[in-house]
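Visitor: Encoded as structure tokens, here's the structure I'll be asking about.
The values are calculated or read from the model by the stated rules, or taken from the named source; none is laboratory data. In this text the structure is predicted, and so the values were computed from the model without any measurement. Cβ coordinates were reconstructed from backbone atoms using ideal geometry, including for glycine residues, and neighbour counts include every protein chain displayed. Just the protein is used for accessible areas: all its heavy atoms, side chains included, with ligands, DNA and RNA removed. Shrake-Rupley method; radii C 1.70, N 1.55, O 1.52, S 1.80 Å.
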Amino acid sequence: MTVSMWSQARSVARRDLIRERRRGEVLWITVPFGAIALLMFPLAIGTDARLLEQIGPGVFWVIVMLFGILISIRQAATETTAQRDALALLGLDPAAGFAGRSISAAALLFVFEVVVGAVAFVLYDIPLIGIPWLFVILPLVALGLGMLGSIAAGVVAAGHSGAGLVPFLVAPLSVPLLLAATQAFEGLRLGRPILNWVLLMVIIVLVLAVIGTLTARPLQESR
Amino acid sequence: MDPVVVLEGIGVRIGGDTILRDVELELARGETLGLFGANGAGKTTLLRLMATLLAPSHGGGTVVGVDIAGNDYTSARPSIGYVGHTPGLYGELTLRENIRFSASIAGIGEAEADAALGAVGLAGAADRRVEATSHGMQRRAEFALQLARKPRLLLLDEPHSALDAAAVDLVESLVERTTAVGGAAVLVSHDRERVAAAADRTVELKSGTLV
């Protein structure tokens with residue numbers, strides 16, 4: 001029986017989310033550390049409310065990027081060689097594997113964004129403007145970082161370059177996403193149009209989807 | 001009838017080390033092969049090569065009729081069942097969730113997956129997390145998956161390790177089911193006596209060479 005790519009992707013995403021629910025690494029380790037990192041900035045620069053409000057969105061996105069990449073790489077890189085072999089022999093479409101891992105990482109990142117965002121809102125007194133846009137921006141960044149982490153984990157798993165290559169792969173691709181997200185938030189705060197920044201995020205996500213899909217097979221089959 | 005496996009002059013080099021050299025092997029339909037060798041002789045490498053998980057550095061051949069050095073080697077995989085000595089299960093998932101997950105990837109129904117778990121005697125432990133089960137139970141679960149998949153080529157690496165007497169019978173039953181319908185099986189083991197009794201033929205690897 002032939003299984004569709006999306007059906008396989010759904011199974012992989014479901015597996016990852018069940019594993020995370022039982023391990024609780026994101027919920028009980030990464031989220032609290034993200035919140036603590038947000039707390040460090042006001043402690044370091046004092047209680048200048050105006051300054052905190054200005055830097056708040058930028059600090060939030062830097063923390064989302066740093067912790068987000070850790071979450072998505074960790075999420076995608078926990079498979080052992082035996083597990084990868086088993087999946088290959090079961091006929092897992094490499095693109096389905098990439099899609100499933102990216103979706104599960106994006107779901108976890110979205111939770112991370114919401115919880116840490118709430119902490120940032122309280123600590124930095126960020127005004128809640130343009131809330132509907134948050135339902136576009138937060139999932140886009142989560143999806144972009146999820147795919148980026150899946151690609152990076154695939155490179156590590158392929159074993160040719162090891163983890164040393166990850167920063168060179170992740171940094172140039174995550175910076176435009178970070179820039180667009182920060183500028184979109186800044187635009188919302190200042191009442192400027194943000195459509196161009198959102199479109200940039202959409203383009204980055206699409207580029208990552210193409211890169212991830214095209215590299216999934218060579219990375220899985222680097223036998 | 002076409003053989004299930006044909007290997008011609010196979011060599012495998014990994015990181016500058018020669019693991020297999022000039023391996024010639026043919027496995028007929030219905031045949032069970034016992035493969036022996038000391039640690040590091042290349043037994044697992046040969047199994048992984050037959051499973052298409054490893055490419056030959058030189059030489060060639062076919063597995064279930066598919067060229068292992070060609071571009072289309074992955075098309076052989078649905079017909080290959082490989083149980084390595086490290087289980088490929090997920091510790092946080094239950095045995096049932098593991099088998100159902102694998103079944104969903106392979107296009108096997110949940111009822112069939114559950115029935116296979118029952119057939120290997122794991123119905124009562126199906127909802128136990130893998131991390132809370134013994135190595136022997138994990139191996140049984142992997143055999144259950146192969147029961148459900150019905151591969152044409154069954155590759156078992158140290159299939160008898162960590163198994164009780166009932167599970168050893170299970171391995172033999174799995175091999176018989178595969179070979180009875182024209183498939184073939186390869187058993188890698190240090191247990192010469194047991195494998196020799198189950199196999200039609202035995203071969204030995206010494207420093208990467210079949211003797």
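Visitor: Pairs please, first residue from region A:197-223 and within 14 Å of chain B (Cβ to nearest Cβ) and at pLDDT 95 or above, second anywhere and in a helix (DSSP H, G or I) and open to solvent by less than 40 Å² (accessible area, probe 1.4 Å), Cβ atoms under 8 Å, 6+ apart in sequence or on different chains.
Guide: none
Visitor: May I ask you to list the residues in region B:30-61 that are farther than 15 Å from B:L154 by Cα, more than 14 Å from chain A (Cβ to nearest Cβ) and either surrounded by 19 or more Cβ atoms within 10 Å (Cβ to Cβ) or touching a Leu at 6+ places or on another chain (Cβ under 6 Å) (or both)?
Guide: Result: B:F36, B:G37, B:A41, B:G42, B:G59, B:G61.
Visitor: Turning to a different aspect of this structure: Just give me the residues in region A:18-46 being open to solvent by 80 Å² or more (accessible area, probe 1.4 Å), modelled with pLDDT of 90 or more and farther than 17 Å from A:V59 by Cβ, in sequence order.
Guide: Selection gives A:R21 alone.
Visitor: Can you name the condition, by its number, that B:L174 falls short on among (1) touching a Phe, Trp or Tyr at 6+ places or on another chain (Cβ under 7 Å); (2) under 15 Å from B:G30 (Cβ atoms); (3) within 14 Å of chain A (Cβ to nearest Cβ)?
Guide: Condition not satisfied by B:L174: (3).
Visitor: A further question on this structure: Can you name the number of the only condition in (1) open to solvent by less than 60 Å² (accessible area, probe 1.4 Å); (2) within 12 Å of another protein chain (Cβ to nearest Cβ); (3) within 20 Å of the chain's Cα centre (by Cα) that B:P78 fails?
Guide: The failed condition is (1).
Listed here are the residues, each with its yes/no results for (1) surrounded by 21 or more Cβ atoms within 10 Å (Cβ to Cβ); (2) aliphatic (A, V, I, L, M); (3) at pLDDT below 85.
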{"position": "A:D48", "(1), (2), (3)": "no, no, yes"}
{"position": "A:F60", "(1), (2), (3)": "yes, no, no"}
{"position": "A:A76", "(1), (2), (3)": "yes, yes, yes"}
{"position": "A:A99", "(1), (2), (3)": "yes, yes, no"}
{"position": "A:S104", "(1), (2), (3)": "yes, no, no"}
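Visitor: While we're here: Taking B:R96 as the residue in question, decide whether it is free of Cβ contacts under 8 Å to residues at least 60 places away in the same chain, open to solvent by 20 Å² or more (accessible area, probe 1.4 Å) and within 14 Å of chain A (Cβ to nearest Cβ).
Guide: Yes.
Visitor: Determine whether A:F67 is under 14 Å from the mean Cα position of the chain (by Cα) and part of a helix (DSSP H, G or I).
Guide: yes
Visitor: If we keep just the residues of region A:1-15 that are of a type in the set (A, V, I, L, M) and touching a residue at least 40 places away in the same chain (Cβ under 8 Å), which is nearest to B:E112 (Cα to Cα)?
Guide: Here the answer is A:V3.
Visitor: Suppose we keep only residues that are more than 10 Å from chain A (Cβ to nearest Cβ) and over 28 Å from B:G16 (Cβ atoms) within region B:63-75. Which one would you say is surrounded by the most Cβ atoms within 10 Å (Cβ to Cβ)?
Guide: The qualifying residue surrounded by the most Cβ atoms within 10 Å (Cβ to Cβ) is B:V64.
Visitor: Taking region B:151-182, which residues are in contact (Cβ under 8 Å) with a residue 60 or more places away in the chain and part of a loop (DSSP other than H, G, I, E, B)?
Guide: Once the filter is applied, which keeps residues that are in contact (Cβ under 8 Å) with a residue 60 or more places away in the chain and part of a loop (DSSP other than H, G, I, E, B), region B:151-182 yields B:P151, B:R152, B:E158, B:P159, B:S161, B:G182.
Visitor: While we're here: One residue is enough: does region A:20-41 have a residue meeting the conditions within 14 Å of chain B (Cβ to nearest Cβ), of a type outside the set (A, V, I, L, M) and in a loop (DSSP other than H, G, I, E, B)?
Guide: Checked region A:20-41: at least one residue is within 14 Å of chain B (Cβ to nearest Cβ), of a type outside the set (A, V, I, L, M) and in a loop (DSSP other than H, G, I, E, B).
Visitor: If you don't mind, another one. Restricting to region B:109-132, name every residue that is in contact (Cβ under 8 Å) with a residue 24 or more places away in the chain, open to solvent by 20 Å² or more (accessible area, probe 1.4 Å) and either within 14 Å of chain A (Cβ to nearest Cβ) or within 13 Å of B:E97 (Cβ to Cβ) (or both).
Guide: Answer for region B:109-132, where residues must be in contact (Cβ under 8 Å) with a residue 24 or more places away in the chain, open to solvent by 20 Å² or more (accessible area, probe 1.4 Å) and either within 14 Å of chain A (Cβ to nearest Cβ) or within 13 Å of B:E97 (Cβ to Cβ) (or both): B:E112, B:D127, B:R128, B:R129, B:E131.
Visitor: Look through region A:122-155, keep the residues that are more than 26 Å from A:V170 (Cα to Cα) and in contact (Cβ under 8 Å) with a residue 60 or more places away in the chain, and return whichever of them is most open to solvent (accessible area, probe 1.4 Å).
Guide: A:D125
Visitor: Continuing with the same structure: Hey, among B:A166, B:A196, B:A185, which residue is modelled with pLDDT of 95 or more and either surrounded by fewer than 19 Cβ atoms within 10 Å (Cβ to Cβ) or within 27 Å of B:D22 (Cα to Cα) (or both)?
Guide: The unique qualifying residue is B:A185.
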